[in-house]
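Only one structure is covered here, and it is reproduced in the block below.
The values are calculated or read from the model by the stated rules, or taken from the named source; none is laboratory data. Just so you know, these numbers come straight off a predicted model, no measurement behind them. All Cβ positions, glycine included, derive from the backbone under ideal geometry; neighbour counts span all protein chains shown.
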Amino acid sequence: MPNRTSQAGGLFLMLAIVLGTSWGVYVDQPMLGVLRGTGIGVVIALVVWLIDRRRRPPAG
């Protein structure tokens, strides 16, 4: 049986940080944008990881 590869959640983390930084620059608070983007990206990446873990068949 072929091994299934993991889904990539890092893309969402990177996109959230970039979009958060862009928003932060727009509202003249770039550090706040980085922090919010990082937080949102971490949550999305964790959700992707949990979904991928649930879909993966048990090892053994």
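Kindly provide the set of residues from the stretch 25-51 that are farther than 18 Å from LEU15 by Cβ and under 15 Å from the mean Cα position of the chain (by Cα), ordered by number. Before the answer, list the steps.
As a first pass, look at the stretch 25-51 and keep what is farther than 18 Å from LEU15 by Cβ: 27-29, 31, 50.
Hit for the stretch 25-51 is LEU50, nothing else.
When ARG54 is tested against (1) surrounded by fewer than 15 Cβ atoms within 10 Å (Cβ to Cβ); (2) part of a helix (DSSP H, G or I); (3) modelled with pLDDT of 95 or more, only condition (3) is not met.
Residue pairs whose Cβ atoms lie under 7 Å apart, separated by 6 or more positions or on different chains, with the first residue in the stretch 13-28 and of a type outside the set (A, V, I, L, M, F, W, C) and the second surrounded by fewer than 15 Cβ atoms within 10 Å (Cβ to Cβ) and assigned to a helix (DSSP H, G or I), are GLY24/MET31; GLY24/LEU32.
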